[in-house]
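The values are calculated or read from the model by the stated rules, or taken from the named source; none is laboratory data. These figures come from a predicted structure and were not determined experimentally. Please note: Cβ atoms are built from the backbone with ideal geometry, for glycine as well, and neighbour counts cover all protein chains shown. Heavy atoms of the whole protein, side chains included, go into the accessibility calculation; ligands, DNA and RNA do not. Shrake-Rupley method; radii C 1.70, N 1.55, O 1.52, S 1.80 Å.
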Amino acid sequence: MSVKQGELLPKCHGSGQAAREKRRWIPRVAALLTLAIGLLDMASAVTPGWRSRLDDLRALLPMAVSRQASAFTVVVGMLLVLLSAGLRRRKRRAWRATVVLLAVSVVLHVLKGLDYEEATGSAALLAALVVTRREFRAKGDPTTRWRAIGVGSFLAVVSIVVGLVLLRLRHDRIVGPHPLSAQLEQVVLGMVGIQGPLMFVSARFADLVFRILLTMGVLTIVSTGYLALRPPEPRPMLTEEDEARVRVLLARRGADDSLGYFVLRSDKSVVWSPSGKACVAYRVVSGVMLASGDPLGDREAWPGALTEFLREAADHAWVPAVIGCSEAGGLAWTRAGLSVLEIGDEAILDTATFSLEGRSMRNVRQAVARVERAGYTAVIQRVNELTPQDLALLRSQVARWRGSETERGFSMALGRIGDPADGDCVVVTAYSAGAPPADQETPGTAAPDDAALPPEEAKPDETAEPRPRAVLHFVPWGRDGLSLDVMTRDRSADNGVNEFLIVQAVRQAQQLGVRRISLNFAVFRSAIERGERLGAGPMIRWWRGLLIFLSRWFQIDSLYRFNAKFSPTWSPRYVCYPTTTDLPRIALAMLEAEAFLVWPRWREHLPLRRHRSRRCEG
């Protein structure tokens, strides 16, 4: 797609969205002020009040009311701190809860000690939130019961800190020695209503400490219990109806993008254009609405799908972003209002012109010859040609080689292998008659051969039963193309087996009706390549050095080297984002989606665990 063609795409970024972008500072300031008011509430409750005001208050109310108001003020402050994050994301529920709590805070400050200054601050913020209420329209995020663990842990830690601060500030009211361990025990026991080891000089102060600790403990227990017991909202996923419609689009326009088939990942959702002729696949990761690849469907329907995508992101206050789109997709997203940054290149082989001849192919030619001399053979089959027993064996073999490694991939991984619904996928398997005994194998998913472990020296056993040693799994790229999904191998297999399988796939491509094969995605390939050239400037050399350093964890350089062996055609891929300030957050979301950054989520306990296959990418 040329630039002129891209200019024909209409602008689908409405004036309403642009106005919201200009007012992004309002939720941020509101969140910051709410956080400050929450911290002020907690500090105000645990510090001594004005004696003259307390004397005036005693003439109107019993002191028990004042002490209970102090306990409730601490709780309100803790909740305001929690809600500040939701306000920053313009969540409507967070706004409603904050407005109610600020109103309660005003009353509590008056009751606990006639604290007019704190009450005025809460009232002013309450008025500001009411005036700017139209800025807080975002819908709530899908939730799970596991959120209770995070909220409960946060409340417990804050409760303990507040209790220790209270005892530290009023240490003159404690009788006898009071080491930190005794204070900690007093706080923890007080949160569940049990008298601790400390003694106080004043019954009133002892009552105040007891009320504050017990109230915070009840809040922690009730909040955690509520979040743990409430039914979880359904996570976004590809429905059966969406899958059927996506497959129709793939049959018609699947050749446009090598990543089109990966829309069928089960952990992706799709938004449709009003005409239903195009869609955008996405997944929400840490508040980022992350799409992958180009929009799927007719080009003239792309603007409608992009508009719906951006509207959905705005409705939930998610940051819209795209990973791995092509130049055509990048032009369309630019017209939709996003900025574009080149992130790497996709390696594509033309099966008609591919050859092992020439100096540039020497390494591949030698690797393939070495593997063939070791007695390896390759079998290429469509998934629909395999029996259920073969498919079950394939899945178990891949899982065994992967071992305990995290399955990586999102934008260029299907997340499953051997599913009967994916009958047009292609499996390329390497067999070796001279494999070592099974008890000598080391399970795990291998990286490209540059990083593979050297195999153990063993003489081939010609009489041994051929056993699988490596597997490539390709998904369809239209009717005449394949896109690499999974590259996995036995670590004890000979070096060069991955090159051997790719070459065998190219050699038999004509029988499969395949003219082009998409290999791995090389992140920042052009930067690494330019940094190696004679005369490269200091900045590009520094950038290349940083990428080489990061390759220890992300295989950036090794994947580029592996792809470059085959002298492919490089097709650039891009990341699309709203503003530069959003890039760090989007980068973390991309790393999390691709499973390079894994947070503790206890996912293995969830009833609907989704598997993600690994595509070798940086």
- [ ] List every residue whose amide H lies under 5 Å from the amide H of residue 336, counting only residues 5 or more places away in sequence or on a different chain, with H placed 1.01 Å from N in the peptide plane.
- [x] 12
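Can you give the extra length, in nm with one decimal, that the chain gains between residue 93 and residue 342 once fully stretched, where that is 0.36 nm per residue apart less the Cα-Cα distance? Mind dumping the intermediate values first?
Details: separation 249, 0.36 × 249 = 89.64 nm, distance 3.74 nm.
Length gained, residue 93 through residue 342: 85.9 nm.
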- [ ] Would you compute the Debye intensity of segment 463-546 from its alpha-carbon atoms alone, equal scatterers and no solvent, and pass along log10 I(q)/I(0) at q = 0.13, 0.18, 0.19 Å⁻¹ to two decimals?
- [x] -0.65, -0.87, -0.90
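Please list 247, 479, 552 from largest to smallest accessible area, probe radius 1.4 Å, with all protein chains kept in place. Show your work: numbers first, answer last.
Values: 247 65, 479 210, 552 175 Å².
The ranking, largest first, comes out as 479, 552, 247.
Sort 272, 543 by accessible area with a 1.4 Å probe, largest first. Can you show the working numbers first?
Values: 272 40, 543 80 Å².
Largest accessible area first, the list is 543, 272.
Determine the per residue accessible area of segment 274-416 with all protein chains present and a 1.4 angstrom probe, expressed in square angstrom. Don't jump to the answer; show the numbers that get you there.
Numbers: 5620 Å² over 143 residues.
Here the residues of segment 274-416 average 39 Å² of exposed surface.
Can you give the extra length, in nm with one decimal, that the chain gains between residue 153 and residue 595 once fully stretched, where that is 0.36 nm per residue apart less the Cα-Cα distance?
So the chain would gain 156.6 nm between residue 153 and residue 595.
Mind giving me the FRET efficiency for residue 507 and residue 240? R0 is 22 Å, r the Cβ-Cβ distance, nearest 0.05 is fine. Don't jump to the answer; show the numbers that get you there.
Numbers: r = 38 Å, r/R0 = 1.73.
E(calc), rounded to 0.05, equals 0.05.
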- [ ] Please give the peptides 77-83, 472-478 ranked by average Cβ packing (other Cβ atoms within 10 Å per residue), highest first, as a rough proxy for protection.
- [x] 472-478, 77-83
TODO: Please compute P(r) over all alpha-carbon pairs of segment 292-433, binned at 10 Å starting from zero, and give each bin as a whole-number percent.
DONE: 8, 23, 28, 25, 13, 3, 0
Task: Label-point separation in nm, residue 202 to residue 169, each point 7 Å along Cα→Cβ - done: 1.3 nm
Task: Integer Hz, Karplus 6.51/-1.76/1.60 couplings in order for segment 554-565, x for Gly and Pro - done: 10, 6, 5, 6, 5, 6, 4, 4, 5, 5, 5, 4
Open item on the list: I need the peptides 523-535, 158-170 ranked by packing, meaning the mean over residues of other C-beta atoms within 10 angstrom, with the highest value on top.
Closed with: 158-170, 523-535
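I'd like the FRET efficiency for residue 580 and residue 247, computed as 1/(1 + (r/R0)^6) with the beta carbon distance as r and R0 of 56 Å, rounded to 0.05. Working shown, then result.
Details: r = 38 Å, r/R0 = 0.67.
With R0 = 56 Å, the Cβ-Cβ based efficiency is 0.90.
Within segment 309-370, report the GluC sites (Glu not before Pro) that DSSP leaves as loop and that have at most 16 other Cβ atoms within 10 Å. List each step's numbers first, then the result.
Working: sites: 312, 327, 342, 346, 357; in loops: 357.
Counting only loop positions with at most 16 other Cβ atoms within 10 Å, the GluC sites (Glu not before Pro) in segment 309-370 are 357.
So, with a 1.4 angstrom probe, what is the percent of accessible area on segment 111-220 that is carbon and sulfur?
Details: 3620 of 5460 Å².
Using a 1.4 Å probe with all protein chains present, segment 111-220 comes out at 66 percent carbon and sulfur.
Working with all protein chains in place, sort 109, 316 by solvent-accessible area computed with a 1.4 Å probe, largest first. Provide the component values of the computation, followed by the final result.
On the way: 109 0, 316 20 Å².
From most accessible down to least: 316, 109.
What length, rounded to one decimal in nm, is gained on full extension from residue 370 through to residue 533, with 0.36 nm per residue of separation minus their alpha-carbon distance? Intermediate values should be presented prior to the final figure.
Numbers: separation 163, 0.36 × 163 = 58.68 nm, distance 3.12 nm.
Stretched out fully, the residue 370 to residue 533 stretch lengthens by 55.6 nm.
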Task: Efficiency of FRET from Cβ geometry, residue 396 and residue 131, R₀ 51 Å, rounded to 0.05 - done: 0.25
